[in-house]
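Student: Below is the structure I would like to discuss, written out as structure tokens.
The values are calculated or read from the model by the stated rules, or taken from the named source; none is laboratory data. Bear in mind that the values here come from a model prediction, so they are computed numbers and not experimental data. Counting neighbours? That spans all protein chains shown, and the Cβs are built from the backbone with ideal geometry, glycine included. What goes into the accessible areas is simple: the full protein's heavy atoms, side chains included, and nothing from ligands, DNA or RNA. Shrake-Rupley method; radii C 1.70, N 1.55, O 1.52, S 1.80 Å.
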Amino acid sequence: MQDLNLRYLYEAAKLGSMRAAADSLGVAVSSVSRQISQLEAEVGLALVEHGRRNIKLTETGQLLIEHYSDQLRLYEAFEAKLSDIKGLRSGRILLAVGEGFIGQPLSSMLVRFNAKHSGLFINIHMSASSNEVVQLVSDDDAHLGLVFQSADDPRIRTLASVRQPLCALMRSGHPLANRRLLKLADLAGYSLCLPESSFKTRQLLQMAETDERLSLQPCITTNSLALLKSLLGTGDFYTILPMLAASSEIQSGQLSAVPIASPALPEASVQLISRVGRRLPPAPLRMIAALTAYLESCGGHIDMPKIPIVASARS
């Protein structure tokens with residue numbers, strides 16, 4: 001069985017369709033279909049359920065994917081040991097981040113890290129929500145992830161955490177911008193735009209609304225934080241996000257952030273995560289210190305769990 005055939009099957013299974021796999025791999029859909037057919041002919045058994053629009057693996061197909069995933073982990077472990085020998089002259093880092101982390105502070109950290117470790121390749125995957133980042137890390141599609149308030153997922157280990165309470169964000173000329181503190185009830189009657197319900201911010205807000213027996217109805221929801229911030233700058237909207245999501249705009253004076261006094265809102269945090277049991281290669285391990293310093297620069301107190309970062313159960 002050729003690695004290329006297996007990779008095409010792996011991508012199709014992971015992304016859910018041959019077309020999505022073809023787009024990801026930069027090849028024609030027919031190439032993906034042909035490679036999977038060749039693999040089925042070699043194995044002598046069907047690997048996918050034919051006649052469906054989306055890819056659904058057969059039992060044999062699932063077995064092959066598990067085998068291929070194990071091989072990828074073994075190869076990564078080999079690369080990690082080789083990088084140890086080379087002294088970090090090469091290596092790769094796969095980092096998944098939520099859109100709220102994109103900004104000058106993260107960019108500056110990446111520039112400094114690259115200057116110090118120019119031989120390392122870094123791929124940053126921007127995800128729409130923290131749930132997607134968690135999934136990428138747990139599936140080993142990312143070594144590390146930056147998330148807002150990750151769930152208690154047994155597959156995920158928190159490497160560092162900094163508290164980032166939710167606040168009301170609005171343009172500096174908004175009627176609420178000069179308030180020192182706001183209650184959820186104070187926000188009623190003003191135009192609200194929010195992230196979609198899949199975002200952790202929204203889920204925390206809904207919990208607080210239920211506990212305080214009120215409902216803040218948004219006029220606009222979106223999966224784009226960039227659009228939310230654009231709406232704030234061009235109208236009388238406000239939104240509810242952690243300060244980190246708009247740190248550059250707050251520092252420049254474009255937006256104002258007002259704390260929300262709500263006993264129902266838990267003290268939220270932003271976190272650096274990895275998968276439990278994954279033996280991280282040297283390159284991602286080196287970036288942990290840089291990302292921790294980045295989180296510390298965002299303000300608040302850094303919590304460092306007293307657990308080992310590297311585990312040898314799986315690579």
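Student: For segment 241-298, how many residues are among the polar types (S, T, N, Q), assigned to a strand (DSSP E or B) and over 20 Å from L166 (Cα atoms)?
Tutor: Adding up the residues that qualify gives 1.
Student: Across segment 47-84, which residue is farthest from A142 (Cα to Cα) among those that are among the aliphatic types (A, V, I, L, M), without any contact (Cβ under 8 Å) to a residue 40 or more places away in the chain and open to solvent by 50 Å² or more (accessible area, probe 1.4 Å)? Steps first, please.
Tutor: Step one: filter segment 47-84 for residues among the aliphatic types (A, V, I, L, M), giving 47-48, 55, 57, 63-65, 72, 74, 77, 80, 82.
The next check asks that each one be without any contact (Cβ under 8 Å) to a residue 40 or more places away in the chain; those that pass are 47-48, 63, 82.
If we keep only those that are open to solvent by 50 Å² or more (accessible area, probe 1.4 Å) too, we end up with 63, 82.
Numbers: L63: 22, L82: 20 Å.
Out of the qualifying residues, it is L63.
Student: I would also like to ask the following. So which residues in segment 49-69 are part of a loop (DSSP other than H, G, I, E, B) and among the charged types (D, E, K, R)?
Tutor: Correct list: E49, R52, R53, K56.
Student: Turning to a different aspect of this structure: Which residues, counting only those in segment 92-107, are assigned to a helix (DSSP H, G or I) and buried (at least 16 other Cβ atoms within 10 Å of the Cβ)?
Tutor: Of all residues in segment 92-107, those assigned to a helix (DSSP H, G or I) come to 99-101, 104-107.
Matches in segment 92-107: E99, G100, F101, P105, L106.
Student: Restricting to segment 225-242, and then to whatever is surrounded by fewer than 19 Cβ atoms within 10 Å (Cβ to Cβ) and modelled with pLDDT under 90, can you tell me which residue is nearest to F101 (Cα to Cα)?
Tutor: Across segment 225-242, the extreme among qualifying residues is A226.
Student: Also: Report yes if L110 is within 28 Å of L241 (Cα to Cα), open to solvent by less than 70 Å² (accessible area, probe 1.4 Å), assigned to a strand (DSSP E or B) and at pLDDT 90 or above, otherwise no.
Tutor: no
Student: Sticking with this structure for a sec: Filter segment 183-200 down to residues that are of a type outside the set (K, R) and in a loop (DSSP other than H, G, I, E, B) and give me whichever is farthest from the chain's Cα centre (by Cα).
Tutor: Filtering segment 183-200 for residues that are of a type outside the set (K, R) and in a loop (DSSP other than H, G, I, E, B), the one farthest from the chain's Cα centre (by Cα) comes out as G189.
Student: So which of R7, R89 is open to solvent by 50 Å² or more (accessible area, probe 1.4 Å), assigned to a helix (DSSP H, G or I) and under 30 Å from P282 (Cβ atoms)?
Tutor: Values: R89 fails: assigned to a helix (DSSP H, G or I).
Just a single option satisfies the conditions, and that option is R7.
Student: Then there is this: Search segment 2-13 for residues that are modelled with pLDDT of 85 or more and pair each with any residue that is open to solvent by 10 Å² or more (accessible area, probe 1.4 Å) and not hydrophobic (A, V, I, L, M, F, W, C) when their beta-carbon atoms are under 7 Å apart and the residues are at least 6 apart or on different chains.
Tutor: Between residues of segment 2-13 that are modelled with pLDDT of 85 or more and residues that are open to solvent by 10 Å² or more (accessible area, probe 1.4 Å) and not hydrophobic (A, V, I, L, M, F, W, C), the close pairs are L6/Y68; Y8/Q35; Y10/Y68; E11/S24.
Student: A follow-up question, please. Check whether at least one residue in segment 201-217 is in contact with a Ser or Thr (Cβ under 7 Å, 6 or more places away or on another chain), of a type in the set (G, A, S) and touching a residue at least 60 places away in the same chain (Cβ under 8 Å), and report yes or no.
Tutor: Taking every residue of segment 201-217 in turn, none turns out to be in contact with a Ser or Thr (Cβ under 7 Å, 6 or more places away or on another chain), of a type in the set (G, A, S) and touching a residue at least 60 places away in the same chain (Cβ under 8 Å).
Student: If you scan segment 201-223, which residues turn out to be at negative phi, open to solvent by 30 Å² or more (accessible area, probe 1.4 Å) and either touching a Phe, Trp or Tyr at 6+ places or on another chain (Cβ under 9 Å) or assigned to a loop (DSSP other than H, G, I, E, B) (or both)?
Tutor: Answer for segment 201-223, where residues must be at negative phi, open to solvent by 30 Å² or more (accessible area, probe 1.4 Å) and either touching a Phe, Trp or Tyr at 6+ places or on another chain (Cβ under 9 Å) or assigned to a loop (DSSP other than H, G, I, E, B) (or both): L214, S215, Q217, P218, C219, I220, N223.
Student: Among the numbered criteria (1) surrounded by 16 or more Cβ atoms within 10 Å (Cβ to Cβ); (2) under 24 Å from the mean Cα position of the chain (by Cα), which single criterion is violated by G26?
Tutor: (1)
Student: Ok, one more. Just wondering, is there one or more residues in segment 22-29 that are without any contact (Cβ under 8 Å) to a residue 60 or more places away in the chain, under 27 Å from A142 (Cα atoms) and either touching a strand residue (DSSP E or B) at 6+ places or on another chain (Cβ under 8 Å) or part of a strand (DSSP E or B) (or both)?
Tutor: Initially, segment 22-29 is screened for residues without any contact (Cβ under 8 Å) to a residue 60 or more places away in the chain, giving 22-29.
Subset that is under 27 Å from A142 (Cα atoms): 22-29.
Keeping just the survivors that are either touching a strand residue (DSSP E or B) at 6+ places or on another chain (Cβ under 8 Å) or part of a strand (DSSP E or B) (or both) gives none.
No, that holds for no residue.
Student: I would also like to ask the following. Quick check: anything in segment 270-277 of a type in the set (D, E, K, R) and surrounded by fewer than 21 Cβ atoms within 10 Å (Cβ to Cβ)? Give the derivation first.
Tutor: First pass over segment 270-277, keeping only residues of a type in the set (D, E, K, R): 275.
Pick out the ones that are also surrounded by fewer than 21 Cβ atoms within 10 Å (Cβ to Cβ) and you get none.
No; the residues of segment 270-277 include none that is of a type in the set (D, E, K, R) and surrounded by fewer than 21 Cβ atoms within 10 Å (Cβ to Cβ).
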